[in-house]
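Undergrad: Before anything else, here's the structure in question.
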Amino acid sequence: MLSELKKSLRKLLKIFKRKKQIQLGFYGPVNAGKTTLANRISLDWLGKEVGTVSEVPHETRHVQKIENIVVTTNNGELRMNIVDMPGIATQVDYKSFKAFGMSEEEAKARAREATKGVIEAIKWLDNVDAVLVVLDSTQDPYTQVNVTIIGNLEARGIPMIIVANKIDLPEAQPESIANAFPQHVVVPISAATGENIEKLYEAIQEHLT
Amino acid sequence: MEIQLDFVSAETLARKGSAEKISFILDKIKRNIIVVLEEALEPQEEAELIEATMREIDTEEFHGIEFYRIDSRAKGLREKIAEYIAGRRHGLTIVGPTRLIEAIKREPDYISMLAKVDVPEEEKRKRGRKKKGGK
Ligand SMILES: Nc1nc2c(ncn2[C@@H]2O[C@H](COP(=O)(O)OP(=O)(O)O)[C@@H](O)[C@H]2O)c(=O)[nH]1
Ligand SMILES: [Mg+2]
């Protein structure tokens, strides 16, 4: 009863403070699938891809903005700007890029850009309304990088949804992400195949607008 | 090859502001010292630590850090107030250079840190130089 009342009150409040468009940041560790997800959403609703996806770490080294996306779901329209961030890391070793066939110089240049990208992503925390924390379901969720990202969003009062990505892979364990962060909404998806992406839109509508 | 661990008391840390604390930690890390802090860093301090680390990374010597925060679990109102007054959060934070720390992993009952005993970076560089010279 009381919770129902609270809910409708919150809905009412939402109508007043609802922004026309939310600025939705994609945060997460490197290679979790942030750009793949941004591309899928962009392709579905704007008809074009925007970013380069790669198995090479730190492919996204600048903040990438996709503006004026209007998604239609069962519950109406969802308007947003997506801000695809470089992945957060505590280390960047240029030698790891050389393993992907880059020259010494290319690898060093990429490493320098990657460090700047991490700083840029952290600075952007002040400019987003809500965040999707994109994690790779095949990896151990309880890393310091994940804890730091989520801790910073909590401390700043930025609403978030945790996206447990790559559920198309047989070794995916989205439930271990839910266990690691029980205080947050976790939506398992595959950005690659599009599985469950509708659920994600609905969750964004319900929790982040 | 020796490994040096420095333990920093909560009192020492309490005397430092965030920025001072971060440069104090990074200064040690860059000298290949693993640091154990007698407090849990705040999330914002962790973000500052990552930012500062990214600024310090150079391609030759310093490639970044590994760190891990361990929070004390019991968090009643009284403890929270006590922590607020003391200006710090109970727990531990381990920070070290990636060249020394292979991994810090959370196991169900403990935190495990895997350190390297040799510094392969230097070895590789030396070998690299020899190869070039031989050509
Ligand atoms: N199997 C699978 N692979 C994915 C998925 N999403 C991303 N990837 C792959 O993961 C790698 C990193 O993706 P990317 O979008 O660049 O990650 P980002 O660094 O978080 O932006 C690429 O090789 C992608 O093809 C997914 O849902 N399933
Ligand atoms: Mg990317």
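Undergrad: If one computes the Cα centroid of the stretch A:120-144 and of the stretch A:14-89, what distance in Å separates the two points?
TA: If we compute the Cα centre of each part, the gap is 12 Å.
Undergrad: Still on this structure, I have one more. Counting only DSSP beta bridges with both residues in the protein assembly as shown, tell me the antiparallel percent, nearest 5.
TA: Details: 25 of 49 bridges.
Roughly 50 percent of the beta bridges in the protein assembly as shown run antiparallel, per DSSP.
Undergrad: Work out, in µm²/s and without decimals, the Stokes-Einstein translational diffusion coefficient of the stretch A:103-209 at 25 °C, 0.890 mPa s, Rh from Kirkwood over C-alpha pairs. Display every interim value, and only then the final one.
TA: On the way: Rh = 15.2 Å.
Stokes-Einstein gives a translational diffusion coefficient of 162 µm²/s.
Undergrad: Sticking with this structure for a sec: Tell me, what % of the accessible area of chain A is carbon and sulfur with a 1.4 angstrom probe?
TA: Here carbon and sulfur together make up 51 percent of the probe-accessible area.
Undergrad: For the stretch B:8-53, which trypsin sites (Lys or Arg not before Pro) are both in a DSSP coil and crowded by at most 16 other Cβ atoms within 10 Å?
TA: Details: sites: B:R15, B:K16, B:K21, B:K28, B:K30, B:R31; in loops: B:R15, B:K16, B:R31.
Answer by residue number: B:R15, B:K16, B:R31.
Undergrad: How large is Rg/Rh for the protein assembly as shown, to two decimals, with Cα atoms and a Kirkwood Rh?
TA: Details: Rg = 21.7 Å, Rh = 21.8 Å.
The Rg/Rh ratio comes out at 0.99.
Undergrad: Taking only Cα atoms and a 10 Å spring cutoff, compute GNM fluctuations for chain A and point out the largest among A:V118, A:V92, A:V186.
TA: For chain A, modelled as a Gaussian network with Cα springs under 10 Å, the answer is A:V92.
Undergrad: Go ahead and estimate [θ] at 222 nm for the protein assembly as shown from helices alone: -39,500 (n - 2.57) per DSSP H run with n ≥ 4, summed, over the residue count, rounded to 500.
TA: Working: 12 runs with 142 residues, N = 344.
Mean residue ellipticity at 222 nm (helix-derived): -13000 deg cm²/dmol.
The values are calculated or read from the model by the stated rules, or taken from the named source; none is laboratory data. Owing to the predicted nature of the structure, the values given are computational and were not obtained by experimental measurement. Virtual Cβ from ideal backbone geometry, glycine too; neighbours counted across all protein chains shown. Accessible surface areas use protein heavy atoms only, side chains included; no ligands, DNA or RNA. Shrake-Rupley method; radii C 1.70, N 1.55, O 1.52, S 1.80 Å.
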